[in-house]
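Down below is the structure, laid out as structure tokens.
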Amino acid sequence: MTEILLSLREVSMHFGGLKALDKVSFDLCNGEILGLIGPNGAGKTTCFNTVSGVYRPTSGEIRFGGIRTDGLPPHRMAALGIGRTFQIVRPFPNLSVLDNVIVAMGLPCYRGIIPSCGSWKRQTTRDGAMGLLSKVGLVSLASQKAGLLPLGNLRRLELARALALNPRLLLLDESFSGLRHEEIAMQEELVRKTRESGISILLIEHNMRVAMGLSDRLVVLDHGLKLAEGSPEEIRKNPEVIQAYLGKGGNSNAA
Amino acid sequence: MQLFLEQMLNGLAIGAIYALITLGLALVYGILRILHVAHAAIYTVGAYAGLAIFSSTHSLALAVIGSMLFCAFLGVLIERFVYYPLLKFPPYVPLIGSIACLLAIEELCRMVAGPYILSFPAELPFPSFTIGGIVISSTLSAVYGISAGVLLLLWIITTKTELGLAMRATSQDMAIASSMGINSHWIISVTFMIGSAVAAIAGILVGIYYNQVYPTMGAVPAYKTLALIVVGGLGSVPGAVLAAVLLGVAETLLIGYAGIPLPRDALAFIAMIAVLLWRPQGLLGGRR
């Protein structure tokens with residue numbers, strides 16, 4: 001747990017006058033589950049988007065596995081080993097569940113100039129994709145169009161799709177929101193298993209019970225600033241965090 | 001009866017050529033949601049490039065390959081320098097850019113090759129048949145063979161290969177496709193290359209079929225193919241191909257039999273309006 005996989009140094013992301021991220025720094029160690037929490041509009045998803053290459057940070061430095069990655073495009077980040085899910089689930093609606101996963105398994109093919117390995121490699125790819133689907137419990141729906149699946153299944157499909165990239169780091173953007181109780185338990189189990197298989201995880205979560213339960217450490221963002229960092233116990237007791245969540249109402253501190 | 005069959009065969013050939021031109025447009029619309037009007041200009045350039053290479057080398061194979069390469073390059077140029085920078089604007093902005101490209105390229109052809117109709121005196125190396133008294137000329141069989149081959153190849157590429165899967169993924173959600181390791185800008189470029197290369201084939205076929213190559217030969221296809229992708233169901237490649245073939249046959253039969261004193265293109269558009277009144281979402285278009 002000592003080797004650093006992902007590090008952000010003074011990363012800022014400005015949109016016009018809005019400082020969505022303001023000099024945020026934190027590290028994620030190999031094999032760790034790091035939770036990113038904070039009130040709405042705190043900059044959590046923006047943080048994900050700078051890490052996964054959707055945005056080029058206004059300033060600051062991001063390193064992944066020792067390589068400087070800020071400003072690289074998303075497909076390069078995926079190739080380096082960052083898989084992600086999305087806050088609002090976005091499967092490829094007209095592709096089958098199976099093809100949704102296979103798309104993400106094409107990495108070695110997409111690297112070539114003409115990105116086509118042809119169809120002859122499909123069987124091993126197919127088996128691999130089916131393996132992932134069985135991990136998340138979607139084998140029976142493999143040939144369905146992904147657009148027809150209910151939310152709980154889609155959240156698990158997104159997880160399978162991100163895992164198909166064979167990532168070293170998994171970014172989970174509110175993978176638990178909108179799920180029923182049993183589904184949350186199932187998803188938690190999946191995340192734990194994923195970590196046990198050696199994949200580090202950075203997760204955004206609104207459900208405090210889930211975030212506290214899963215994460216080894218937490219980073220709290222508020223209005224683009226890093227407010228606190230520490231173990232779930234420390235964060236739970238931190239007065240600033242409580243204030244950010246509950247507001248400054250009254251003169252008595254909730255600590 | 002024999003006249004009817006001959007008309008059918010001609011109509012099918014015209015439809016097949018329409019299909020080849022429309023294909024590129026449907027592919028581009030599917031991936032970028034842009035009406036690629038300048039595609040018709042690429043088709044014109046394809047005919048000219050093919051003719052130029054054919055006149056200097058007398059090799060039809062070289063002409064086809066050279067013209068396909070040149071058009072693929074031209075298509076990517078338009079994508080990189082006109083459409084991609086304009087993608088962040090509302091769709092009419094790239095459309096205006098596209099119309100500008102169409103006109104500019106047409107004028108360029110006129111300046112380089114002159115405003116005259118040039119002839120394309122090539123023999124297509126395909127056999128001619130006689131079945132039951134009906135002659136299928138070598139030109140006709142070439143049109144059938146080549147378009148069937150191209151359509152089959154494209155169907156295999158889009159449905160059976162990783163490239164096709166990447167193309168479908170990119171057309172459904174470009175941002176997600178990128179997160180899954182697909183270099184979506186490259187996939188867009190590849191789509192333009194394929195569409196433009198097919199347009200080059202269509203340009204050469206038309207040049208030989210009518211023995212005519214002229215600067216504004218893309219004008220009618222420009223708006224006809226637009227209507228065709230709407231009739232086929234926007235973004236649906238099979239729909240566009242089906243609409244193109246049907247239109248070719250309908251045009252030819254209406255002219256041969258109905259005896260309506262209207263020009264061919266007017267009939268084509270009347271037929272399309274009728275289809276759209278009956279199925280506003282297009283022949284094979286689903287909800288989007």
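The values are calculated or read from the model by the stated rules, or taken from the named source; none is laboratory data. Nothing here was measured: the structure is a model prediction, and the numbers come from that model. Glycine gets a Cβ as well: all are built from the backbone with ideal geometry, and neighbour counts include every protein chain shown.
Annotations for the structure displayed:
- Any chance B:Ala61 is buried (at least 21 other Cβ atoms within 10 Å of the Cβ) and assigned to a helix (DSSP H, G or I): no
- Scanning region A:115-130 for residues that are closer than 23 Å to B:Ile157 by Cβ and either part of a helix (DSSP H, G or I) or modelled with pLDDT of 90 or more (or both) gives A:Arg122, A:Gln123, A:Thr124, A:Thr125, A:Arg126, A:Gly128, A:Ala129.
- Residue in region A:40-55 that is more than 15 Å from the chain's Cα centre (by Cα), in contact (Cβ under 8 Å) with a residue 40 or more places away in the chain and within 22 Å of A:Met208 (Cα to Cα) present: yes
- Single match in B:Gly11, B:Gly75, B:Gly46, B:Gly15 (criterion: closer than 20 Å to B:Ser184 by Cβ and among the small types (Gly, Ala, Ser)): B:Gly75
- Residue match in region B:6-22 (condition: of a type in the set (Ser, Thr, Tyr) and either surrounded by fewer than 22 Cβ atoms within 10 Å (Cβ to Cβ) or in contact with a Ser or Thr (Cβ under 6 Å, 6 or more places away or on another chain) (or both)): yes
- Which listed residue is under 18 Å from A:Asn49 (Cα atoms), away from chain B (no Cβ under 12 Å) and either modelled with pLDDT of 90 or more or assigned to a helix (DSSP H, G or I) (or both), from A:Leu133, A:Leu172, A:Leu72, A:Leu154: A:Leu172
- Hits in region A:75-88 - residues which are closer than 23 Å to B:Arg168 by Cβ, surrounded by fewer than 21 Cβ atoms within 10 Å (Cβ to Cβ) and within 10 Å of chain B (Cβ to nearest Cβ): A:Arg76, A:Ala79
- Test: residue in region B:160-183 that is more than 7 Å from chain A (Cβ to nearest Cβ), farther than 19 Å from A:Leu72 by Cβ and surrounded by fewer than 17 Cβ atoms within 10 Å (Cβ to Cβ): no
- Of the criteria (1) closer than 30 Å to B:Leu60 by Cα; (2) of a type in the set (Val, Ile, Thr); (3) outside any helix (DSSP H, G or I), which one B:Ile260 fails: (1)
- Subset of region A:200-216 (residues that are in contact with a helix residue (DSSP H, G or I) (Cβ under 8 Å, 6 or more places away or on another chain) and over 18 Å from A:Phe86 (Cα atoms)): A:Met212, A:Gly213, A:Leu214, A:Ser215
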